Each structure stands twice: as structure tokens, then as C-alpha cells.
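Working notes, structure below.
Quick note: the coordinates plus some simple rules give every number you see, no bench work behind them. Bear in mind that the values here come from a model prediction, so they are computed numbers and not experimental data. Methodologically, a virtual Cβ is constructed for each residue, glycine included, from the backbone with ideal geometry; neighbour enumeration extends over all protein chains shown.
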Amino acid sequence: MFYIGCHLSCAKGFFPMGKTALALGATTFQFFTRNPRGGNAKALDEKDLEAFLKLKKEHGIGTLLAHAPYTLNACSADAAVRDFAWRAMTEDLERLERLPGNLYNFHPGSHVGQGSETGIRLICTLLNEVLKPGQQTTVLLETMAGKGSEVGGRFEELREILDRVKLSDKMGVCLDTCHVWDAGYDIAEDLDGVLAEFDRVVGLSRLKAVHINDSQNPRGAKKDRHARIGEGKIGLETFVRIINHPALEGLPFCLETPNELDGYEKEIALLKSKRKTNR
Ligand code: FE
Ligand code: FE
Ligand code: ZN
């Protein structure tokens, strides 16, 4: 199966998001667990959840990606910011148990001058507090562009986090194409080489999702400015190779391109038309 979708606003609930995704031709989607800039999550609506789970089953909607708020910084120097990260992640993971078997993606964080070693230690402290042995959600570290003091711009940093988390089997990685490009990995000229390096350092079995975004900037720019598919420096050809790459078969591909719904619909149709198999 080709699981392709986009980021959707969840203001009206899961069932409306599912309907929107299907109308766009999507087979998966991503949503924020709460306002991306922070704040509290809305209470779950049981009827909405029930209707959504039925729709998901009926239409074969694939694994979903929940995205943590951007303000969540597990390795801030400020204890109050780290406390918000702990609270938000704890609540989000509790709520996601109502949608079992999906993915929760977060940005590892910015160490804000403390150094990546301290950053990694703080991120692992948080993960070791919030992960539960019985949980049914896989928590994903997103590959980052390396902007500012971001942790996770190098595959080695992700590896270190995975190594130090006790319930490591609850963890995986989400590869963001714009971010790895901006971090310096040449997915345009050497996709096989980048995936081989990911496999060597992190392990391809850890790769659970792909954020499919073009980049406004040249490779290595560390800027993290997404572009529409084929309108950035990565280019359409690379995305055709990515969605058809055997190492990425079956993973959910999620667009986070600067688009309204009609733009997402076009990009989903474009990528579907570029799939080499009918699966
Ligand atoms: Fe993200
Ligand atoms: Fe992303
Ligand atoms: Zn980004």
C-alpha cells in the first residue's frame, strides 16, 4: 500500500479530519495533538473517536502521525519549559492510547547553548520518565535541520538517544526530507548513500515515517524552510525516487508543504501518479 497524506488541522475532531483526508485522496494524515505553539489539549469526544475509528477501518486509513507542539523542548535550560515538555508528552501519550498503534512524533529539542551532550542527556531523562511498558504508541524522534542549537541534525545524535532510552522498543525515527537536506545529507544526488548511512548509524528498522517536504534552501543551509514538492532545491525527481524506494516501502509519507487543502490534494495526486506499482 502507498500511504500518503498531509498535515491537517484537528480543530473539529478526528472524524472530520478523516473525512477531509479521504476527500484529498490521502491514505494517512498527521495532526497536532494540541495548539502547535503550546497550550492545553481539548478533551476527547468519545462519539467523534468512535466514528473516526470506524471510518479508518472501513477505508483502510493507514498509521497516523500525531505531532507534538513545536514549543515542546525536552532539553531547554529552563526547568519550567522542560516541565511543560514532560506534562504535554505525558498527556498526549495517555490520550493516544485511545487511538492505539499509531505514531507520536516530536522534535528532540534545542540545547540552547548547553551543548548537545547535555541536550541528549535531558531528552533521555524525559523519555525515561514518560514512556510506559504497556503503551501502544511508538514515539518518533524527528530528524532535524540543525538550525540553531537543535539536537537531531546528525543521525549519530538520534542513535545516542535511542541507546540511552530504557524502553527503546517504544521508539523510532521520522525522517523529514527538508530537514535532512538542510542538515547536509545529499538525498538528491545520493539517496541510496544517505539511506545506507541511516541504516548503519540508526538502523532502517527504526524508520517509521517520512515527512515529505521540498526545501527552499540549498543543501546544508540549516534553515528549515519547507517548499512545495518540486518547487524547492530538492526537486521532484528525488521525491519520485523516495516514494518508490524499496527501503521505504509501506511507511506513511506525510506532506508538510506550504499549502492549503487544494494544494495538498494536487501534491497527493501528483505523488500517486508517480508511484511505479499499484500497491
Ligand atoms: Fe516536525
Ligand atoms: Fe517535519
Ligand atoms: Zn520543518
Q. Over its Cα atoms, what ratio of radius of gyration to 2.2 N^0.38 Å does region 231-279 give?
A. 1.15
Q. Projected onto the charge dipole of region 127-279 (+1 at Lys/Arg Cβ, -1 at Asp/Glu Cβ, origin at the Cα centre), which of ILE229, ILE187, SER273 gives the Cα projection farthest towards the positive end?
A. SER273
Q. If you add up the charges near GLU197, with Lys and Arg at +1 and Asp and Glu at -1, over every other residue whose beta carbon is less than 14 angstrom from its beta carbon, what do you get?
A. -3
Q.
Could you give the length gained by full extension between GLN136 and LEU22, i.e. 0.36 nm per residue of separation minus their alpha carbon distance, to one decimal place?
A. 38.6 nm
Q. For the pair GLU197 and LYS147, how long in nm is the line joining their label points, each one 7 Å along Cα→Cβ?
A. 2.1
Q. 222 nm [θ] for the chain, helices only, -39500 (n - 2.57) per DSSP H run of 4+, per residue, to 500?
A. -11500 deg cm²/dmol
Q: Provide, as a two-decimal number, the C-alpha radius of gyration of region 1-158 over 2.2 N^0.38 Å, N being how many residues it has.
A: 1.08
Q | Area projected by the alpha carbon convex hull of region 59-112, averaged over all directions, nm² | A | 4.0
Q | Estimated translational D of region 103-226 in µm²/s (Stokes, Kirkwood radius over Cα pairs; 20 °C; 1.002 mPa s) | A | 147
Q: Could you check which residue among THR71, THR177, THR137 shows the biggest mean-square fluctuation in a GNM of the chain with a 10 Å Cα cutoff?
A: THR71
Q: Enumerate the whole-percent occupancy of each 5 Å bin, from 0 to the last occupied one, for all C-alpha pair distances of region 194-264.
A: 3, 15, 21, 25, 22, 11, 3, 1
Q.
Suppose the chain between THR118 and ASP190 were pulled fully straight at 0.36 nm per residue; how much longer would it get relative to their current alpha carbon spacing?
A. 22.7 nm
Q.
With +1 on the Cβ of every Lys and Arg and -1 on the Cβ of every Asp and Glu, and nothing else charged, how large is the dipole of the chain about its Cα centre, in debye rounded to the nearest 20?
A. 500
Q.
For the chain, set up a GNM with springs between Cα atoms under 10 Å and report which of ALA68, ALA80, ALA41 has the largest fluctuation.
A. ALA80
Q.
Sequence gap at least 6, Cα distance under 8 Å: using those rules, report the relative contact order of region 1-59 to the nearest whole percent.
A. 38
Q | Dipole of the chain [Lys/Arg +1, Asp/Glu -1 at C-beta], most positive-end residue of PHE84, ASN244, PHE15 | A | PHE15
Q.
Rounded to the nearest 20 debye, what is the charge dipole size of region 172-279 about its Cα centre when +1 sits on each Lys and Arg Cβ and -1 on each Asp and Glu Cβ?
A. 220
Q. Using a Cα distance threshold of under 18 Å, what count of lysine pairs results for region 1-95 when pairs must be 8 or more residues apart or interchain?
A. 10
Q) For the chain, what is the relative contact order in percent, using Cα pairs closer than 8 Å and at least 6 residues apart in sequence? A) 18
Q | Extent along principal axes [Cα atoms of the chain; Å; largest to smallest] | A | 48, 46, 29
Q: Give me ILE187, ILE212 ranked fewest to most by other Cβ atoms within 10 Å of their Cβ, as a rough exposure proxy.
A: ILE187, ILE212
Q: Compute the distance in nm between two label points, each set 7 Å from the Cα along the Cα-to-Cβ direction, one at HIS59 and one at THR90.
A: 3.6
Q) Under a no-solvent Debye model with one identical scatterer per Cα of region 107-174, what's log10 I(q)/I(0) at q = 0.16, 0.19, 0.21 Å⁻¹? A) -0.48, -0.67, -0.81
Q: Under 19 Å from a label point 7 Å along Cα→Cβ of MET1: give me every residue in region 203-224 with its amide N that close.
A: 207-212
Q. Given a Förster distance of 35 angstrom, what is the FRET efficiency for THR125 paired with ASN35, based on the Cβ-Cβ distance and rounded to 0.05?
A. 0.90
Q | Virtual spin-label span in nm between ARG164 and LYS47, 7 Å along Cα→Cβ | A | 4.8
Q: Calculate, in nm to one decimal, what ALA79 and LYS274 gain on full extension: separation in residues at 0.36 nm each, minus their alpha carbon distance.
A: 65.5 nm
Q) With a Cα-only, solvent-free Debye model of region 138-184, what are the log10 I(q)/I(0) values at q = 0.29 Å⁻¹? A) -1.04
Q: Please order THR238, THR20 by the number of other Cβ within 10 Å, starting at the fewest.
A: THR20, THR238
